[in-house]
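The values are calculated or read from the model by the stated rules, or taken from the named source; none is laboratory data. Since the structure is predicted, the reported quantities are computational estimates derived from the model, not experimental observations. All Cβ positions, even for glycine, are placed from backbone atoms using ideal geometry, and neighbour counts span all protein chains on display. Calculation scope for accessible area: heavy atoms of the full protein, side chains included, ligands and nucleic acids excluded. Shrake-Rupley method; radii C 1.70, N 1.55, O 1.52, S 1.80 Å.
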Amino acid sequence: MSRRVGLLGGTFDPPHLGHLVVAECLRVDLGLDEVRFLVAGQPWMKPGTTSADDRIALAQAAVADDVYLVVDDREVRREGPTYTADTLEELSGSEPDTEWWFMLGADAANALPRWERADAALELARFVVATRPGHELDLPEPYASRVELRSVPLVGVSSSELRERYRTGRATRYLVPDAVHQLIVERGLYEVAHG
Ligand code: ATP
């Protein structure tokens, strides 16, 4: 029987409760064997991002307690911009017996028409969109009929909001895993205003 593997692509700057809820709920709903956090190398849409080394360490801290979650750093190791189609080609080449399920929040899914080689990506994996508060899925054809929308418990948190919370000393506990919080403090990320 082929393995069913989920991929959650993201910047993970930092990883948070929203990422974990999407990964776990879709893993169980779709009967996946594991979910990989695909850490983006050089997000051309997000200049000023935290270093890839720090983001990988944060992602690893986020998944450390969960046997079903792993971090994949191939996009960070690759030179040049990150395109999901390249990653999916590489993965299907090296693991041909695996069924790939690419997960996105509704905000990220709405950007699909602007992706480099979106068509190739959509051929190589099943695309599953998770509900996200404040973002309605709004895709034109031919994209709309090639993605599947799944409801997950709504978590109204984002990495940008968390960076702002760290900067201004507001609450972050329970919104990021403890191990992620510890690493943020240790490495002095996000101009932490409290410990
Ligand atoms: P930022 O605020 O910096 O843009 P983000 O919170 O959207 O970051 P990413 O690492 O860019 O985090 O997200 C990776 C993937 O996870 C994207 O597909 C995004 O839509 C999805 N995602 C992130 N947070 C949530 C959430 N709270 N609910 C549902 N999906 C989410």
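For region 183-191, the count of residues that are touching a helix residue (DSSP H, G or I) at 6+ places or on another chain (Cβ under 7 Å), among the small types (Gly, Ala, Ser), more than 16 Å from Leu20 (Cα to Cα) and not in a helix (DSSP H, G or I) is zero. When each of Gly48, Gly9 is tested for being of a type outside the set (Asp, Glu) and either closer than 21 Å to Val152 by Cβ or touching a helix residue (DSSP H, G or I) at 6+ places or on another chain (Cβ under 8 Å) (or both), the lone residue that passes is Gly9.
The residues of region 85-99 that are open to solvent by less than 40 Å² (accessible area, probe 1.4 Å) and either in contact with a strand residue (DSSP E or B) (Cβ under 6 Å, 6 or more places away or on another chain) or closer than 19 Å to Leu58 by Cα (or both) amount to a single one, Thr98.
Answer with yes or no whether Leu183 is more than 15 Å from the ligand (Cβ to nearest atom), touching a residue at least 40 places away in the same chain (Cβ under 8 Å) and out of contact with any Cys (no Cβ under 8 Å at 6 or more places or on another chain). So Leu183 passes the test.
Picking from residues in region 4-40 that are away from the ligand (no atom under 13 Å from the Cβ) and either among the acidic types (Asp, Glu) or modelled with pLDDT under 95 (or both), the one that is nearest to the chain's Cα centre (by Cα) is Glu34. Of the helices (runs of 4 or more DSSP H) lying entirely inside region 42-112, those containing at least 2 residues that are within 28 Å of Ser151 (Cα to Cα) and in contact with a Phe, Trp or Tyr (Cβ under 8 Å, 6 or more places away or on another chain) span 52-63, 84-94. In region 155-167, the residues that are at negative phi and in a helix (DSSP H, G or I) reach residues that are more than 6 Å from the ligand (Cβ to nearest atom) and among the small types (Gly, Ala, Ser) with C-beta atoms within less than 8 angstrom, at least six apart or across chains, in these pairs: Arg165/Ala171; Tyr166/Ala193; Arg167/Ala193. So is Arg27 among the basic types (Lys, Arg), under 24 Å from Leu189 (Cα atoms) and not in a loop (DSSP other than H, G, I, E, B) or not? Judged against the criteria, Arg27 is not a match. Has region 154-174 got at least one residue that is open to solvent by less than 30 Å² (accessible area, probe 1.4 Å), within 14 Å of the ligand (Cβ to nearest atom) and over 14 Å from His16 (Cβ atoms)? No, region 154-174 contains no residue that is open to solvent by less than 30 Å² (accessible area, probe 1.4 Å), within 14 Å of the ligand (Cβ to nearest atom) and over 14 Å from His16 (Cβ atoms).
On the stretch given as region 113-138, residues that are closer than 25 Å to Glu24 by Cα and either open to solvent by 10 Å² or more (accessible area, probe 1.4 Å) or part of a loop (DSSP other than H, G, I, E, B) (or both) total 13. Given the structure, is Tyr190 closer than 26 Å to Ala106 by Cβ and within 13 Å of the ligand (Cβ to nearest atom)? Yes.
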